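K.L.:
Here it is, the structure, as structure tokens.
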Amino acid sequence: MTKKAFRPKIKDSTILVTGGAGFIGSHLVDRLIKEGSRHIIVVDNLFLGSENNLQESISKGLTFYKDDIEILSSLDYI
């Protein structure tokens, strides 16, 4: 008998996505919206990503922070 791993539900949850303005991250954000997440918070320093990748998602209530997640003080206000 195999033990099934617990996986939290995406629907109605709040999710933090780091690097969410990049190619892969922005597609992940789109999927999380499609799966019914309640609130998505994206943190990206825009080194490789672009805020343009999130334009449609921002209009759906996404919260975007242009910051570097490696700087611990950034997490204090996020």
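K.L.:
Quick one: with all protein chains in place, what share of the accessible area of the chain is carbon or sulfur, to the nearest percent (1.4 Å probe)?
P.N.:
Carbon-and-sulfur percentage of accessible area, whole number: 55.
K.L.:
Could I ask something else about it? For residue 15, list long-range residues whose amide hydrogen, built 1.01 Å from N in the peptide plane, is under 5 Å from its own amide hydrogen.
P.N.:
When sequence neighbours closer than 5 places are left aside, the close amide H contacts are 39, 40, 41.
K.L.:
Right, another one. In whole Hz and in residue order, list the ³J(HN,Hα) couplings for the range 45-54 that follow from phi through the Karplus curve 6.51 cos²θ - 1.76 cosθ + 1.60, θ = phi - 60°; x for Gly and Pro.
P.N.:
Ordered by residue, 3J(HN,Hα) equals 8, 6, 5, 10, x, 9, 4, 4, 5, 10 Hz.
K.L.:
Excluding residues on the same chain fewer than 8 positions from residue 34, give the aspartates and glutamates whose Cα lies under 17 Å from its Cα.
P.N.:
12, 56
K.L.:
Stokes-Einstein at 25 °C, 0.890 mPa s, Kirkwood radius from Cα pairs: D for the chain in µm² s⁻¹?
P.N.:
This corresponds to a translational diffusion coefficient of 186 µm²/s.
K.L.:
Can I ask one more? Do any chymotrypsin sites (Phe, Trp or Tyr not before Pro) in the range 1-74 lie in a loop, going by DSSP, with at most 11 other beta-carbon atoms within 10 Å of their beta carbon, and if so which?
P.N.:
Here the chymotrypsin sites (Phe, Trp or Tyr not before Pro) that fit, given the DSSP loop and packing criteria, are 6, 47.
K.L.:
Could you give the accessible area per residue of the chain, probe 1.4 Å, as a whole number in Å²?
P.N.:
77
K.L.:
To the nearest 10 Å², what's residue 24's accessible area with a 1.4 Å probe?
P.N.:
Result for residue 24: roughly 130 Å² accessible.
K.L.:
Using alpha-carbon pairs under 8 Å, 6+ residues apart, how would you state the relative contact order of the chain in percent?
P.N.:
Reported as a whole number, the value is 29 percent.
K.L.:
For the range 7-78, build the charge dipole from Cβ charges (+1 Lys, Arg; -1 Asp, Glu) around the Cα centre, then report which of 50, 15, 78 sits farthest towards its positive end.
P.N.:
About the Cα centre, the residue reaching furthest to the positive side is 15.
The values are calculated or read from the model by the stated rules, or taken from the named source; none is laboratory data. Quick caveat: nothing in here was measured; it's all calculated off a predicted structure. Ideal geometry is used to build each Cβ from the backbone, glycine not excepted, and the neighbour counts take in all protein chains shown. Just so you know, the surface numbers come from the protein's heavy atoms only, side chains and all, with ligands and any DNA or RNA stripped out. Shrake-Rupley method; radii C 1.70, N 1.55, O 1.52, S 1.80 Å.
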